[in-house]
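A.B. asks: Structure below; questions to follow.
The values are calculated or read from the model by the stated rules, or taken from the named source; none is laboratory data. If you're wondering where the values come from, they're calculated on a predicted model, not measured in any experiment. Neighbour counts run over all protein chains shown; Cβ positions are idealised from the backbone, glycine included. To get the accessible areas, we keep the full protein, side chains included, count just its heavy atoms, and leave off ligands, DNA and RNA. Shrake-Rupley method; radii C 1.70, N 1.55, O 1.52, S 1.80 Å.
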Amino acid sequence: MELLIALVIGVMTTAGVYLTLRARTFPVVLGLTLLAYAVNVFLFTMGRLTIGQPAVIDAAAAGYGDPLPQALVLTAIVIAFGMTAFLIVLALKARGELGNDHVDGLHLAPDEVPYEKPEQIKPSQQTQVTETTMNSQSNQEVKP
Amino acid sequence: MMQLTAWPVLLPLVGGFLVLFARFGGLRLQRSLNLLIVLGLIFLSIEMVKVSMTGVHQVYLSGNWIAPFGIVFVLDKLSAMMVLITSILALGSLWYAIATKIDEKGSHFHVLFQLQLFGLNGAFMTGDLFNLFVFFEVMLLASYGLLLHGSGRLRTKAGLHYVVINMIGATLFLFAVGALYGAVGTLNIADMAAKIAVAPPENQGLIAAAGLLLLIVFGVKAAMFPLYLWLPAAYANTSAPVAALFAIMTKVGIYSIVRAHGTIFGETAGDLAFFWTPWVLGLGLLTLALAALGVMAARGLREQVAYLVLASVATLLVGVGLNSPEALGATFYYLIHSTLVAGGMFLLADVIARGRGPMNDKFTSAPIMPNAVLVGSMFMFGAVAMTGMPPLSGFFGKVLILGAALDHAWLFTIYGVVLVAGLMTIVAMARSGSLLFYRTQPCNELPGEPVNKSAFVAVVGLLAASPLLVIFGNPVSNFTELVALQQFDSISYIEAVLTTPAIERVKP
């Protein structure tokens, strides 16, 4: 049973990491969900895998199953659930506002203006600028 | 006095609900209620600092369950100091949001603000690792809402990255906590520290791996070297009061490293004692070098201030990594300074962006802004404080940290990186200051809006922390050194948490 659980956690984490590294928001959401599943099973096994043991210490029983990881998993599930719901809504909002579902909003939306470099000057002005700089340089040369 | 420990967590939680229902009374009621609660938090935290000065850990057992079984809240000098800084910063940020009417741009700003404070204060007060995770999530969920407040395309894009990286961080946190629980069988920070001291040697590797995984998680929050890429975009694109409040968010990461690693892997941890400090120091130095490059390369003032926040966090990481009580004391002094001044700078960047009209905060030539002399001198003041030049508090903070590094093995690397990074930020700020205020274009009509006087009060108030930290430098640095000494004395923390008895019920 240990091997099976370990494999399940491993496969889910691998798939989760792979999907999280994808460039579109929907695989990323799925990847995060898979990661959350993996961590939930992982937390559960941290109380050790036992079968047929009482949860609360019983004088007659030989051992007991750890009840705490289940409480932790429950909390983790609720939080992951809420976060995922938020992320999906945010991804939809990003899809609407950025015009595509790329995580970096790679392509510009129809009405988006790309960032302009501060030194972009029209060709006609540019010649003037070079002339003035030339003048200033020549002035400097004259000075000494 | 035990109840005082629970109050800073309860007040914003109850406050959040009250503010939510105050919605029916209109925005004015929400605003005044929120201001009132934040003011209450400031008085409460001053009282907490006073109580913590007795040097006794005040432990609150929630549900009256004794320490390793129930969740504990611990009030000591460190947590009291963090809550105090948070409340002061929150007041400045909230005042600015109300004065500029930014809170009107979306619903539930005030509710999210209170829940943000709830998460922050909870993270500072809790003594339980899993509870720390829960408060992190509360804090993050509120911060997602605040980050996106007011909307805008770039904000959504930065918000998406911020949410995804923090969700990955949350997953890693659970892996780390789960592994630690599996290895030592407890979640209470104090109990964990006690159990690690007697852990069997074959578990040491697992515990160390979980500890480093936990460091990654806190590194995401603190924006430590490979994990800082989300910060500049998120901070530069959100609204000013939120960015100002977020100045404390990175410090939560620093606090968690100091609290969790400093206690669990502190002097009691045997072979694992302080095994994490070289990592923090090395990554802190790397972060500092890259942050300085970012400050130089920034294309707008808000982006530049975000990189300055990153540089200050990196300096704090270096201070933590030096691992001595003097260095930690200096780090806390720098933490107070950098949090409040960074908050003020984000607000000031917004004032400047508004004053420049369509050019916003981009580093390009624009028509002169209204009240340029007032805003410009404030900018110079903030830049001097932020880059760590004398006579303001950034300088003294850095001197204290560098002074504590004198007998460290990495002396030359530390001095080299910190001083060169400092020089680069000074050059960059001088350049941006002259671009924003001197290279102006003539025009007949000023495009920007004039300075909002009542909003400017918040900027001045937060930046005033810097001269105050210099004037009261001696008592403040004495206090931060006491904080550091108490933090290094993890044995008394463990004892205080584990020996606090449950309150006897009065029998009817």
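A.B. asks: Quick one: in the range B:1-85, what % of C-alpha pairs are over 22 Å apart?
C.D. replies: The share of Cα pairs beyond 22 Å in the range B:1-85 comes to 36 percent.
A.B. asks: Still on this model: What does the convex hull of the Cα atoms come to per residue for the protein assembly as shown, in Å³?
C.D. replies: Working: hull volume 124.1 nm³, N = 652.
Given the Cα convex hull of the protein assembly as shown, per-residue volume reads 190 Å³.
A.B. asks: Scan chain B and hand back the longest stretch that contains none of the GluC sites (Glu not before Pro) lying in DSSP loops with at most 13 other Cβ atoms within 10 Å. Before the final figure, lay out the partial values.
C.D. replies: On the way: sites that count: B:Glu445, B:Glu504.
Segment B:1-444 is the longest.
A.B. asks: To the nearest 10 degrees, how steeply does helix B:77-99 sit against the main Cα axis of chain B, on a 0 to 90 scale?
C.D. replies: Result, in degrees: 30.
A.B. asks: On average, how many beta carbons from a partner chain sit within 10 Å of the beta carbon of a residue in B:172-185? Kindly include the intermediate steps, with their values, before the conclusion.
C.D. replies: Details: counts 2, 2, 13, 8, 0, 5, 13, 3, 1, 7, 8, 1, 0, 5.
Shielding by partners across B:172-185 averages 5.
A.B. asks: A further question follows. Placing one identical point scatterer on every Cα of the range B:363-459 and ignoring solvent, what is log10 I(q)/I(0) from the Debye formula at q = 0.10, 0.23 Å⁻¹?
C.D. replies: Results for the range B:363-459 at q = 0.10, 0.23 Å⁻¹ read -0.40, -1.17.
A.B. asks: With a 1.4 Å probe and all protein chains left in place, how much of the accessible area of the range B:76-163 comes from carbon and sulfur atoms, in whole percent? Show your work: numbers first, answer last.
C.D. replies: Numbers: 1190 of 1870 Å².
Of the solvent-accessible surface of the range B:76-163, carbon and sulfur hold 64 percent.
A.B. asks: How crowded by other chains is B:155-165, given as the mean number of beta carbons from other chains within 10 Å of each beta carbon? List each step's numbers first, then the result.
C.D. replies: Details: counts 1, 9, 7, 1, 3, 11, 2, 1, 7, 10, 0.
Average per residue, whole number: 5.
A.B. asks: Right, another one. Would you mind estimating how fast the range B:44-122 diffuses translationally, via Stokes-Einstein at 25 °C and 0.890 mPa s with the Kirkwood radius over Cα pairs, in µm²/s? Numbers along the way, then the final one.
C.D. replies: Values: Rh = 14.5 Å.
Using the Kirkwood radius from Cα pairs, D works out to 169 µm²/s.
A.B. asks: May I ask you to rank B:Ser312, B:Ser434 by accessible area, largest first, using a 1.4 Å probe over the protein chains only?
C.D. replies: Values: B:Ser312 5, B:Ser434 45 Å².
Highest to lowest solvent-accessible surface, that is B:Ser434, B:Ser312.
A.B. asks: Roughly how many Å is it from the Cα centre of the range B:307-353 to that of the range A:1-66, as a whole number?
C.D. replies: Spelled out, the Cα-based centre of one part sits 39 Å from the other.
A.B. asks: Name the residues of the range B:24-50 whose amide N is less than 15 Å from a point 7 angstrom out from the Cα of B:Ser107 along the C-beta direction?
C.D. replies: B:24-27
A.B. asks: Sticking with this structure for a sec: If you count only protein heavy atoms with a 1.4 Å probe, what accessible area per residue comes out for the range B:282-496, rounded to a whole Å²? Walk me through the numbers on the way to the answer.
C.D. replies: Working: 8120 Å² over 215 residues.
With all protein chains present, the range B:282-496 gives 38 Å² per residue.
A.B. asks: Moving to a separate point now. Calculate I(q)/I(0) for the range B:13-160 by the Debye formula, one identical point scatterer on each C-alpha and no solvent, and give its log10 at q = 0.09, 0.14, 0.20 Å⁻¹ to two decimals.
C.D. replies: For the requested q values the scattering log ratios are -0.32, -0.74, -1.24.
A.B. asks: Just checking the output field for A:70-76: average partner chain Cβ neighbours within 10 Å of each residue's Cβ? Before the final figure, lay out the partial values.
C.D. replies: Numbers: counts 0, 1, 7, 2, 0, 6, 10.
Mean shielding by partner chains, rounded to a whole number: 4.
A.B. asks: Counting only C-alpha contacts under 8 Å and six or more residues apart, can you give the relative contact order of chain B as a whole percent? Intermediate values should be presented prior to the final figure.
C.D. replies: Details: 821 pairs, mean separation 86.6, N = 508.
Over chain B, the number comes to 17 percent.
A.B. asks: Same structure again: Seen from all sides and averaged, what is the projected area of the convex hull of the Cα atoms in the range B:443-508, in nm²?
C.D. replies: Numbers: hull surface 47.2 nm².
For the Cα atoms of the range B:443-508, the hull's average projected area reads 11.8 nm².
A.B. asks: Share of the range B:181-274's accessible area from carbon and sulfur, percent, 1.4 Å?
C.D. replies: Within the range B:181-274, the accessible surface is 65 percent carbon and sulfur.
A.B. asks: To continue, here is another question. Taking chain B as the reference, fit the longest principal axis to its C-alpha atoms, fit the long axis of helix B:109-125 to the helix C-alpha atoms, and give the angle between the two in degrees, 0 to 90, nearest 10.
C.D. replies: Long axis of B:109-125 versus the principal axis of chain B: about 40 degrees.
A.B. asks: Using every alpha carbon pair in chain B, what percent of pairs falls into each 20 Å bin from 0 up to the bin containing the largest distance?
C.D. replies: Percent of pairs per bin, in order: 24, 58, 17, 1, 0.
A.B. asks: I've got another one for you. Taking both sides together, what accessible area is buried at the B/A interface, probe 1.4 Å, expressed in Å² and rounded to the nearest 100?
C.D. replies: Using a 1.4 Å probe, the pair buries roughly 3200 Å².
A.B. asks: Separate question: Which value, in Å to one decimal place, does the Kirkwood hydrodynamic radius take for the range B:328-418 when every pair of different Cα atoms is included?
C.D. replies: On the way: mean 1/r = 0.0668 Å⁻¹.
Evaluated over the range B:328-418, this radius sits at 15.0 Å.
A.B. asks: Ignoring everything except DSSP H segments at least 4 long, calculate the 222 nm mean residue ellipticity for the protein assembly as shown; use -39,500 (n - 2.57) per segment, divide by total residues, nearest 500.
C.D. replies: Working: 25 runs with 452 residues, N = 652.
Rounded to the nearest 500, the figure is -23500 deg cm²/dmol.
A.B. asks: Another question about this same structure. Beyond 17 Å, what percent of the Cα pairs of the range B:106-227 remain?
C.D. replies: Working: 4566 of 7381 pairs.
In whole percent, the share of Cα-Cα pairs in the range B:106-227 beyond 17 Å is 62.
A.B. asks: Please return the longest stretch of chain B lacking exposed loop sites, where trypsin sites (Lys or Arg not before Pro) count only if DSSP places them in a loop and at most 12 other Cβ atoms lie within 10 Å. Don't skip to the end; give the middle numbers.
C.D. replies: Details: sites that count: B:Lys101, B:Arg439, B:Arg505.
Free of exposed loop sites, the longest segment is B:102-438.
A.B. asks: Something else now. On C-alpha positions alone, give me the angle between the axis of helix B:325-355 and the longest principal axis of chain B, in degrees, nearest 10.
C.D. replies: Computed tilt is about 30 degrees.
A.B. asks: Provide, in order from the shortest bin, the percent of all Cα-Cα pairs of the range B:282-496 in each 10 Å bin, continuing until the bin that contains the maximum pair distance.
C.D. replies: 9, 33, 31, 17, 8, 2, 0, 0
A.B. asks: Now for a separate question. For the ranges A:3-11, A:70-78, B:276-284, what's the packing order if you count other beta-carbon atoms within 10 Å of each residue, average per peptide, and put the highest first?
C.D. replies: Details: A:3-11: 12.3, A:70-78: 16.6, B:276-284: 20.8.
Output ranking for A:3-11, A:70-78, B:276-284: B:276-284, A:70-78, A:3-11.
A.B. asks: Here's something else I'd like to know. Evaluate the charge dipole of the range B:282-496 about its Cα centre and quote only its size in Debye, nearest 20, assuming +1 on the Cβ of each Lys and Arg and -1 on the Cβ of each Asp and Glu.
C.D. replies: Working: 9 positive and 10 negative charges, 167 e Å.
Dipole size: approximately 800 debye.
A.B. asks: So, R0 is 45 Å and r is the distance between the beta-carbons of A:Leu74 and B:Tyr438; what FRET efficiency does that work out to, to 0.05? Spell out each step's value before the answer.
C.D. replies: On the way: r = 60 Å, r/R0 = 1.34.
Here the calculated transfer efficiency is 0.15.
A.B. asks: Over 22 Å, how big is the tail of the calculated P(r) for the range B:237-383, in percent of all Cα pairs?
C.D. replies: Values: 4926 of 10731 pairs.
Of all Cα-Cα pairs in the range B:237-383, 46 percent lie more than 22 Å apart.
A.B. asks: May I pose another question? Ranking request for peptides B:90-99, B:240-249, B:184-193, B:417-426: highest mean number of other beta-carbon atoms within 10 Å first, then the rest in descending order. It would help to have the intermediate numbers written out before the result.
C.D. replies: Details: B:90-99: 25.1, B:240-249: 27.4, B:184-193: 23.2, B:417-426: 19.2.
Sorting B:90-99, B:240-249, B:184-193, B:417-426 by mean packing, highest first, produces B:240-249, B:90-99, B:184-193, B:417-426.
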